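Asker: There's a structure below that I have some questions on.
The values are calculated or read from the model by the stated rules, or taken from the named source; none is laboratory data. These numbers come from a predicted model, not from an experiment. Cβ: placed from backbone, ideal geometry, glycine included. Neighbour counts: every protein chain shown.
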């Protein structure tokens, strides 16, 4: 299988991992070595600063041309700065990205954005609603959901600060936690014959 990851700076693994591996890189190790699928390959087309509409506009270049078997999308952290007014556009763009992936023959994986810390003042009031929109899209499209936001905010009532490099970018530990949850969800899906 070809697994394609796309999204914003979190998925790209830009800067905030401190030189450690990002969650797509950790997933690659897990699927190819630990899960024993050495002929599976991973491509990462995420771009720092992106919104859902950016990915939709570049869908052919960043997703379709690779003809992936699985497409994992995490967006919403940047979109959340648009507040309530941007939720509809986010939902429509994410829904269309997932729809195009599945119509192209790929199995879609939707990851909610992770939580943010109080320092992310422009995102704090809205990121939960964007996470819910991602859940709604996953449910409607029957995509595999990896609910990072719920996993993180269920711990001690908020995003663990020790997992963050700044107010909204996970550090190396945060990426390990995303990869852990992603691997568990994909492992369940593999057992069920979905991948």
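Asker: Just the residues that are assigned to a strand (DSSP E or B) and under 23 Å from residue 98 (Cβ atoms), please, taken from region 137-185.
Answerer: Answer for region 137-185, where residues must be assigned to a strand (DSSP E or B) and under 23 Å from residue 98 (Cβ atoms): 144, 145, 146, 170.
Asker: For region 1-30, name all the residues that are out of contact with any helix residue (DSSP H, G or I) (no Cβ under 9 Å at 6 or more places or on another chain) and within 14 Å of residue 182 (Cβ to Cβ).
Answerer: The answer is 28, and nothing else.
Asker: Going through region 80-128 one residue at a time, which ones are modelled with pLDDT under 90, surrounded by fewer than 18 Cβ atoms within 10 Å (Cβ to Cβ) and farther than 21 Å from residue 162 by Cβ?
Answerer: Within region 80-128, 122, 125 qualify.
Asker: Name, by its number, the condition in (1) closer than 24 Å to residue 62 by Cβ; (2) without any contact (Cβ under 8 Å) to a residue 40 or more places away in the chain that does not hold for residue 139.
Answerer: (1)
Asker: Looking at region 31-50, is at least one residue part of a helix (DSSP H, G or I), modelled with pLDDT of 95 or more, surrounded by 15 or more Cβ atoms within 10 Å (Cβ to Cβ) and touching a helix residue (DSSP H, G or I) at 6+ places or on another chain (Cβ under 8 Å)?
Answerer: The answer is yes, given that some residue of region 31-50 is part of a helix (DSSP H, G or I), modelled with pLDDT of 95 or more, surrounded by 15 or more Cβ atoms within 10 Å (Cβ to Cβ) and touching a helix residue (DSSP H, G or I) at 6+ places or on another chain (Cβ under 8 Å).
Asker: Only one of (1) farther than 26 Å from residue 31 by Cβ; (2) modelled with pLDDT of 95 or more; (3) touching a strand residue (DSSP E or B) at 6+ places or on another chain (Cβ under 7 Å) fails for residue 141. Which number is that?
Answerer: (1)
Asker: Answer yes or no as to whether residue 17 is more than 18 Å from residue 133 (Cα to Cα), assigned to a helix (DSSP H, G or I) and in contact with a strand residue (DSSP E or B) (Cβ under 9 Å, 6 or more places away or on another chain).
Answerer: no
Asker: Separate question: Scan region 160-176 for residues that are surrounded by 19 or more Cβ atoms within 10 Å (Cβ to Cβ), over 16 Å from residue 72 (Cβ atoms) and touching a strand residue (DSSP E or B) at 6+ places or on another chain (Cβ under 9 Å) and jot them down.
Answerer: Within region 160-176, 163, 164, 174 qualify.
Asker: A follow-up question, please. As an exercise: evaluate residue 188 against (1) in a helix (DSSP H, G or I); (2) closer than 26 Å to residue 18 by Cα; (3) free of Cβ contacts under 8 Å to residues at least 24 places away in the same chain and give the number of the one condition it does not meet.
Answerer: So residue 188 meets the others, but not (2).
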